[in-house]
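Novice: Below you will find the structure I want to go over with you.
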Amino acid sequence: MIVDGGRSPRGWAFPVRPTAGGGIALSGETRRLEESIWIVLGTARGESLMSPSFGSKLAQAGLAPGYSRSLGAAEYLAREALERCEPRIDVVAVHARFAPEDEKRVLLEVEYRSRSTGETGKTVYPHPL
């Protein structure tokens with residue numbers, strides 16, 4: 001983490017990428033939380049060998065396109081994974097809907113509150129079925 005000139009702490013961006021000047025791209029607090037949410041939801045439970053309990057069960061859940069119960073299951077699994085794996089936030093709400101252009105994709109809208117700053121944020125994670 002880098003702290004410079006009184007600005008909020010920054011860390012490496014995800015995915016790690018270079019800047020035009022040849023440095024490493026950095027992310028501020030809000031962006032880091034959003035990136036972390038995407039990492040948690042995009043990692044299947046058991047995928048990380050060093051931390052097998054990290055991640056979500058979304059990939060293993062067998063969610064079905066166009067099936068409304070799949071949306072409720074996706075909301076539950078996303079909330080459970082974030083509450084377990086991301087201690088820097090409080091999950092305010094998770095809303096799932098099928099992507100209008102592709103019913104084989106669920107859009108998970110995550111509303112969260114940063115525990116360190118109290119600021120609220122929202123991100124949408126597109127999960128393929």
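Please treat every number below as a calculation from the coordinates, not as lab data. The model shown is predicted, which means the values in this text are computed figures rather than measured ones. Here Cβ is always computed from backbone atoms with ideal geometry, including for glycine, and neighbour counts include all displayed protein chains.
Novice: Give the residue list of chymotrypsin sites (Phe, Trp or Tyr not before Pro) in region 57-129 that are DSSP loop and have at most 16 other beta-carbon atoms within 10 angstrom.
Specialist: In loop regions of region 57-129 (DSSP not H, G, I, E or B), the sparsely surrounded chymotrypsin sites (Phe, Trp or Tyr not before Pro) are Tyr67.
Novice: Rounded to the nearest 10 degrees, what's the angle between the helix 29-42 long axis and the longest principal axis of the chain, both from Cα atoms, 0 to 90?
Specialist: 40 degrees
Novice: Nearest 10 degrees, 0 to 90: what angle lies between the long axis of helix 68-85 and the longest principal axis of the chain (Cα atoms)?
Specialist: 30 degrees
Novice: Sticking with this structure for a sec: May I have the extent of the alpha carbons of the chain along their three principal axes, as whole Å values ordered from largest to smallest?
Specialist: If we take the Cα atoms of the chain, the spans are 51, 33, 31 Å.
Novice: Would you look at the GNM of the chain, springs on alpha carbons closer than 10 Å, and say which of Gly55, Gly23, Gly118 moves the most?
Specialist: Gly23
Novice: Would you work out the relative contact order for region 11-128, in percent, from Cα pairs under 8 angstrom that are 6 or more residues apart?
Specialist: That works out to 17 percent.
Novice: Here's another thing I want to ask about it. Only Cα pairs within less than 10 Å get springs; with that Gaussian network setup on the chain, which residue of Val106, Val92, Val16 has the largest fluctuation?
Specialist: Val16
Novice: Let me ask another. Highest GNM mean-square fluctuation, the chain, Cα pairs closer than 10 Å: which of Glu109, Glu101, Glu119?
Specialist: Glu101
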